[in-house]
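Structure, as structure tokens:
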Amino acid sequence: MNEPTVSARASTPERGRARSGRRWRELAAEHPTWVLTGVLVFLILLTGSIQPNYLSVSGARNTLLQAAPLGILAGAQTLLMLTGGIDLSVTMIATGSAYVAANQSPNGAAVAILLGIAVGLIAGSANGVGVAVFRVNPLIMTLAMSGILLGLFTAWTQTILQGSTTVAPFIKLMGGGSFLGNRIPYSVVVWLLVAVVLIWLLRRTGWGRLLYAVGDNEVAVRLAGVRVWQVRISAYVAAGVLSSIAGILLAGRTGAVDLQLANAFLLPSVAAAVIGGTSIFGGVGRYEGTILGALILSVLNSMLTFLNVGQAIQQMVYGLIVLALAWGYAGLTRQN
């Protein structure tokens, strides 16, 4: 008679812990921004304990200088991942745009920036047509585009793009300059403007709702009369433009360009979107989370740099983050 009572008493704390665990998971699912903010604060404090000078205006400025182009590239990935796609050519588009902007800098900053953005428009349109019209897998299409751009710009740097590899002073100011006593980078202002536009588009416009709908159930959207191919092309064009803006900011930060300018940002751009809660399967995600993801990775990069961890190990860390979160999303999908 006593054994069931003892067993019930023993299982009560276990049930309590299980309920508590479920409550925490539900809270994290309902308020992911709180969790990401907590992770960001923890990483900042941890990095500050490794290098005390990091907890200063200069440390914050350096982190933001890196986070701005990463956050814009991650914004491009967010738009595409919402539709169930991805772009492996974003860094090559960024590099090509930066190279064109540098080459055209003697003609003025405005011309240089416009022609640099034109690279993103053209490459993004080509990606969109390949994926949406010819039904090429996004991974294959964008990987091929990256190779094509690398080949073209490698040849063009010896021919039609011979000349300046140094960007105009205005681009240097926007990419690497600061205001308010050298505290706030101008690139963060550009990122803020991009963020406001993206958040507004995703929250308040029909185009943003269509991105979510296409990623959630493309067949239903098509049956509703929506031209899905147009939505996909517009998403890839927007991603191309964002990649160009990020590349021009990177060129401004370094002051000069080469064909390896943005290569290290490919995995982090995907990782920032995934960390921020954007599902690789489409239909789920917000750019606010991507912003926090970019900041988290920038702080993590600073911490690894202070620990004298090389670029190869950093890329491995980003890859492991993407794999771990992708595995987690796959598990949640199977449960649902």
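Sparse packing (at most 15 other Cβ atoms within 10 Å of the Cβ) combined with a DSSP loop state is found for the following chymotrypsin sites (Phe, Trp or Tyr not before Pro) in the stretch 247-333: Phe281. Extents of the stretch 166-227, taken as max minus min of Cα coordinates on every principal axis and listed largest first, are 55, 26, 14 Å. Placing pseudo-labels 7 Å out from each Cα toward the beta carbon at Ala312 and Ser125 gives an inter-label distance of 4.2 nm. In a DSSP loop and with at most 16 other Cβ atoms within 10 Å, the chymotrypsin sites (Phe, Trp or Tyr not before Pro) in the stretch 116-201 are Phe134. Can you tell me which of Asn263, Asn308, Asn182 moves the most in a GNM of the chain? Springs connect C-alpha atoms under 10 Å apart. In the Gaussian network model the winner is Asn308.
Each Lys and Arg Cβ is given +1 and each Asp and Glu Cβ -1; about its Cα centre, the chain then shows a dipole of about 660 debye. Tell me, which longest segment in the chain has none of the trypsin sites (Lys or Arg not before Pro) that fall in DSSP loops with at most 16 further Cβ atoms within 10 Å? Value returned for the longest uninterrupted segment is 1-134. Mind sorting out which of (1) 59, 52, 41; (2) 92, 58, 35; (3) 71, 45, 35 is the real Cα extents along the principal axes in Å computed from the coordinates? Of the listed options (1) 59, 52, 41; (2) 92, 58, 35; (3) 71, 45, 35, (2) comes from this structure.
Per atom type, the chain shows carbon and sulfur on 67% of its accessible surface, probed at 1.4 Å.
Using 0.36 nm per residue and subtracting the Cα-Cα separation, the extra length available between Asp258 and Ala60 on full extension is 68.6 nm.
Working from label points 7 Å from Cα in the Cα-to-Cβ sense, the Gln230 to Ile184 distance is 3.9 nm. Here the calculated FRET efficiency for Phe134 and Leu193, from their Cβ-Cβ distance with R0 = 56 Å, stands at 0.95, rounded to the nearest 0.05. Listed by number, the DSSP H helices of the chain that run 18 Å or longer by alpha-carbon position along their axis and have mean Kyte hydropathy of at least 0.5 are 32-50, 57-82, 90-103, 109-128, 138-156, 186-204, 228-254, 287-306, 311-335.
Among Val194, Val90, Val274, determine the one that fluctuates most according to a GNM of the chain built with springs between C-alpha atoms less than 10 Å apart. Comparing Val194, Val90, Val274 in a Gaussian network model of the chain, the most mobile one is Val194. The Ile160 and Arg209 beta-carbon pair, evaluated with R₀ = 35 Å, returns a calculated FRET efficiency of approximately 0.25. Of the residues Gln104, Gln311, Gln162, the one that moves most in a GNM of the chain with alpha-carbon contacts below 10 Å is Gln162.
The values are calculated or read from the model by the stated rules, or taken from the named source; none is laboratory data. All values derive from a computational prediction rather than experimental measurement. Every residue, glycine as well, gets a Cβ built from its backbone with ideal geometry; the counts of neighbours run over all protein chains shown. When the accessible area is computed, the model is the full protein with side chains, heavy atoms only, and any ligands, DNA or RNA have been set aside. Shrake-Rupley method; radii C 1.70, N 1.55, O 1.52, S 1.80 Å.
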